[in-house]
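For reference, the structure is listed below as structure tokens.
The values are calculated or read from the model by the stated rules, or taken from the named source; none is laboratory data. Since the model is a prediction, treat every value here as computed from it, not as a measurement. All Cβ positions, glycine included, derive from the backbone under ideal geometry; neighbour counts span all protein chains shown. To get the accessible areas, we keep the full protein, side chains included, count just its heavy atoms, and leave off ligands, DNA and RNA. Shrake-Rupley method; radii C 1.70, N 1.55, O 1.52, S 1.80 Å.
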Amino acid sequence: QVQLVESGGGLVQPGGSLRLSCAVSGITFSLYRMGWYRQRPGKQRELVAIIGSGGRINFADSVKGRFTISRDNAKNTVYLQMNNLKPEDTAVYYCYGGYYGLDYWGKGTLVTVSS
């Protein structure tokens, strides 16, 4: 059974930082591209960042310079470090894993940026 379990969400003030983690089981993690998507209130789900099996990284323009993504293949975990958070980063953040048409999603973790 494939599981992607996010953690690390919560309430943070503007300008603050959070680190999201996604622990993965049931797949050969090192083969998968892993990423983070988010769904802001009233919006469609959108890509935040993705890291390929070889380490290639892509970010949404809105988070470049503020967010970083990394993966630890030994721990089957992908991370999203979010710095200088803004109110518009408020969203449910979803972990994603993909490999040649196989797509898996976590249940999401809520990040709220508010003073």
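Observations on the model:
- Loop-resident chymotrypsin sites (Phe, Trp or Tyr not before Pro) (DSSP state other than H, G, I, E or B) in the range 16-115 with no more than 11 further Cβ atoms inside 10 Å of their Cβ: Y100.
- Solvent-accessible area per residue for the chain (1.4 angstrom probe, square angstrom): 54
- When the solvent-accessible area of the range 1-97 is split by element, carbon and sulfur atoms take up 45 percent of it, the probe being 1.4 Å.
- All Cα-Cα distances of the chain, cut into 10 Å bins from zero to the largest, leave 15, 51, 29, 6, 0 percent in each bin in turn.
- FRET efficiency for the pair Q1 and L110, taken as 1/(1 + (r/R0)^6) with r the Cβ-Cβ distance and R0 = 25 Å, rounds to 0.55.
- Computed on the Cα atoms alone, the convex hull of the range 22-78 gives a volume of 93 cubic angstrom per residue.
- Counting only residues at least eight positions apart within a chain, or on another chain, the aspartates and glutamates with an alpha carbon under 18 Å from that of K75 are E6.
- Residue by residue, the range 36-50 carries 3J(HN,Hα) couplings of 10, 10, 9, 10, 7, x, x, 10, 7, 4, 9, 6, 9, 7, 9 Hz when phi is fed to the Karplus relation 6.51 cos²θ - 1.76 cosθ + 1.60 (θ = phi - 60°); x denotes Gly or Pro.
- Between L47 and D103, residue separation times 0.36 nm minus the direct Cα-Cα distance comes to 18.8 nm.
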